[in-house]
Amino acid sequence: MLAGLVLLGFAMPSVGLAQEADTVRRDAVPSSTTPNRAYSRENIYRLGKGVYTDTLRRDDFKAQASDVAELDDCDTTFQTFVLVRRLSPWRIGLFAGPNFAYCGTWENTFGPTRRDNTLYNGAGFNITGNIDYFLTPATRRLRFGVGAALGYQNYITRGVYRDYLYGLAAARGVNRDQVTIRQRASEDMFLTVGPVLTFTVARSRRNPDATTFIEAGVRGGLFRTEAATIAAFIPSQGGSLPTNIPSFVEGGALLRTVNPSYRLYHPGVIGSLGVFFPVGRNNWNIGIQGQGFFTRLNYIIVNGIQDQLLEFRRQHGGFSAGVAVRKGFVQKKLIPKAPTVCPTCDSIPQLNVQFNGQSLKGVSLSYTDQPVNPSAAAPVISWRSTTPNPKNETFTARLYYRADSVVAGAPGADQVIAQLENTTDTTLTFPAQYFTNGQLNRGFYYVTVHSRQSAKCGSCMSEVATTSFANVRVPIDKESRFRHRLERLEVFYRTPGSRDFTSICYCNGEITGKTIKKNRLFYRSLNRRLATGEVEFDTNTVILNLRDIPGNLATTLQTEKSNIENNGGIRYKGRRVRPQVSYFRAVFTVTKLPINGQPEQQVGSFNTIISDNTYSITDLKPLTDAERTKLLAPPAPRKQTPRRRGGNSGRRSDVMFGVE
């Protein structure tokens, strides 16, 4: 766990105290020329446990902990350090205790009627060493880790099995004094890996590293199980064995022998559970541990009476209980920490308002009583941060509204109609009740946005970014006259039986159209005057406030519609069909005629959609200079495809090859 954190701020040579805001000094700092030897090396890492922390000069710290490697990497004048003393994730342990073979139940293991006398394993000794690595910090009560265990255990032959061998000799009429028994204990070795859990029951107040804990582990791996060697023979009977054969049988009649099989390696599992108590100050723990295992065992029995060789494979298990110790380690590490800097809100958010793909910042729209575009979307208010490396930055945005009938500065004139406070969002939704029929409600609008940053040492707020826009009725001088010139006209029609629209463009003095195979229109009888820019009309209002186009232009468009639908028709699927005109799209340039000594003034260009039935303007959009130039630009010349020369398969006749 963390035994203590110390913030070491380093002062400049001419300053006696450290200037870090998060450190507090108890006493005067000793001079760097006379290092303070009052603190021992260990006490440096134990600073910070009290209410205050100590601040050391850089030279003082080097004099007491000069071998810290991290000090070379971050040895700067104003660098802050955190001294960490905590438990290492590594822990080692050792267990030792008596071992007992298990035969299924307590009665079968220790009772008078054992399950199988050939299960000759009795008590023995077990010693196990383990090493664990914990993935959970030591500050938590429940810790999870992964560990490995390596151990050795043995089993001495039961006394009842010796009586069993003497009984076999008595059945042949041989006294037990004439029987010789040679034996070697059963031995197992294992290497296992698996998870381990530790639960902290109590922690010492004086030393937080000293804990009382319960440990449980389940590990699986490889067991090397070697059965015991037991031989019973009668030396006084039978002949002698050859001298070059190593055997426990020294010569005589064989009663029975048990030997290990060549199959020694088996998978197995081992589980452990223990409780440990702290001892001393060096992270030692001692406790009581119990563990059990399960694997398999192969062995061979030679029955000398019937001259039989039998091989057995059985389950092999047992348990043990004894004393165990655990040893933890302490990590002492110096971690560089950047000095705490309070935020500075010297950057203003960048504010943007978009409507119909155009910026509304500082724009005044002209209000009309007629619907402009019912399908248009409301303005979008957005912003973005311009703060380099912002931390905990939030925004507050407000949208204000004042009706054009309210005098500016009157009490309650400006109303907040939408707002977001201390949010990380970067958009503000325009209220739907202030946007109807494709245009804003009449009045004045302005938006304010500012950012805020918070830190432990304080908070700050940026300057306010603001912009405004309006939608008001523009008063028009009744005596003024406006000239509307038709600069571009497109007619969109559709062929019966097809969903695709085809257009005819009266552009740049020519009549052009999209030619589709088997669907081509003849343009000979169409009105070329519509493409030359000669069509114009004068009114006392701009096209923004017009709904119906003048009668003479409406008559011209009606005539053009009839020419398109009736002149020759279109051949479609082997028969002539008449196209159906859907609508007109026209570009008008509006200029204000001279009046009262004022020169002619250009108002702007407008892209309009004209219905083919009522010849009224159903949609209108002001055009920028770039959009107008793009629409009125002549089309790029087509590249002529090279014609293939006829005769001689394209080869030139005036060239000879292979002739010198």
So how many residues does segment 300-332 have that are assigned to a strand (DSSP E or B) and either not assigned by the TED database to the domain that holds P137 or not aliphatic (A, V, I, L, M) (or both)?
19
Matching residues in segment 376-391 (at pLDDT below 85 and open to solvent by 100 Å² or more (accessible area, probe 1.4 Å)) number 2
Restricting segment 246-291 to residues that are at pLDDT 85 or above and farther than 28 Å from F190 by Cα, the one surrounded by the fewest Cβ atoms within 10 Å (Cβ to Cβ) turns out to be V279
Among (1) in contact with an Asp or Glu (Cβ under 7 Å, 6 or more places away or on another chain); (2) modelled with pLDDT of 80 or more; (3) of a type outside the set (A, V, I, L, M), R578 falls short only on (2)
Residue satisfying condition, being in contact with a Gly (Cβ under 8 Å, 6 or more places away or on another chain), at pLDDT 80 or above and small (G, A, S), within set G194, G159, G167:
G194
Looking at (1) among the β-branched types (V, I, T); (2) without any contact (Cβ under 8 Å) to a residue 24 or more places away in the chain; (3) open to solvent by 50 Å² or more (accessible area, probe 1.4 Å), find the lone condition where T466 falls short.
(2)
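Can you tell me which residue among L428, L360, L440 is farther than 23 Å from P622 by Cα and open to solvent by less than 80 Å² (accessible area, probe 1.4 Å)? Steps first, please.
Values: L360 fails: farther than 23 Å from P622 by Cα; L440 fails: farther than 23 Å from P622 by Cα.
After ruling out the rest, the residue left standing is L428.
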Those residues of segment 526-542 which are in contact with a Leu (Cβ under 9 Å, 6 or more places away or on another chain) and part of a loop (DSSP other than H, G, I, E, B) amount to G533, E534, V535
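Take the residues in segment 359-404 that are of a type in the set (S, T, Y) and in a strand (DSSP E or B), then tell me which one is nearest to T424 (Cα to Cα).
Applying the first criterion (of a type in the set (S, T, Y)) to segment 359-404 yields 359, 364, 366-368, 375, 382, 385-387, 394, 396, 400-401.
With the extra rule that they be in a strand (DSSP E or B), the set shrinks to 359, 364, 366, 382, 394, 396, 400-401.
Values: S359: 23, S364: 30, S366: 34, S382: 12, T394: 5, T396: 9, Y400: 21, Y401: 24 Å.
Among those that are of a type in the set (S, T, Y) and in a strand (DSSP E or B), it is T394.
Does segment 605-612 contain any residue that is of a type in the set (D, E, K, R), modelled with pLDDT of 65 or more and touching an Asp or Glu at 6+ places or on another chain (Cβ under 9 Å)? If you could, list the steps in order and put the result at the bottom.
We begin by selecting, within segment 605-612, every residue of a type in the set (D, E, K, R); these are 612.
Subset that is modelled with pLDDT of 65 or more: 612.
Subset that is touching an Asp or Glu at 6+ places or on another chain (Cβ under 9 Å): none.
Looking for residues that are of a type in the set (D, E, K, R), modelled with pLDDT of 65 or more and touching an Asp or Glu at 6+ places or on another chain (Cβ under 9 Å), one finds none in segment 605-612, hence no.
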Looking at (1) at pLDDT below 80; (2) open to solvent by less than 80 Å² (accessible area, probe 1.4 Å); (3) part of a strand (DSSP E or B), can you tell me which one L631 breaks?
(3)
Consider only pairs whose beta carbons are under 6 Å apart and that are at least six residues apart or on different chains; among these, list those whose first residue lies in segment 603-615 and is of a type in the set (D, E, K, R) and whose second residue is in a strand (DSSP E or B).
D612/V581; D612/Y583
Might you let me know whether segment 199-218 holds any residue that is closer than 17 Å to N121 by Cβ, buried (at least 18 other Cβ atoms within 10 Å of the Cβ) and at pLDDT 85 or above?
no
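The values are calculated or read from the model by the stated rules, or taken from the named source; none is laboratory data. None of the values given here were measured: they were computed from a predicted structure. Methodologically, a virtual Cβ is constructed for each residue, glycine included, from the backbone with ideal geometry; neighbour enumeration extends over all protein chains shown. Areas reflect the complete protein model, heavy atoms only, side chains present, ligands, DNA and RNA absent. Shrake-Rupley method; radii C 1.70, N 1.55, O 1.52, S 1.80 Å.
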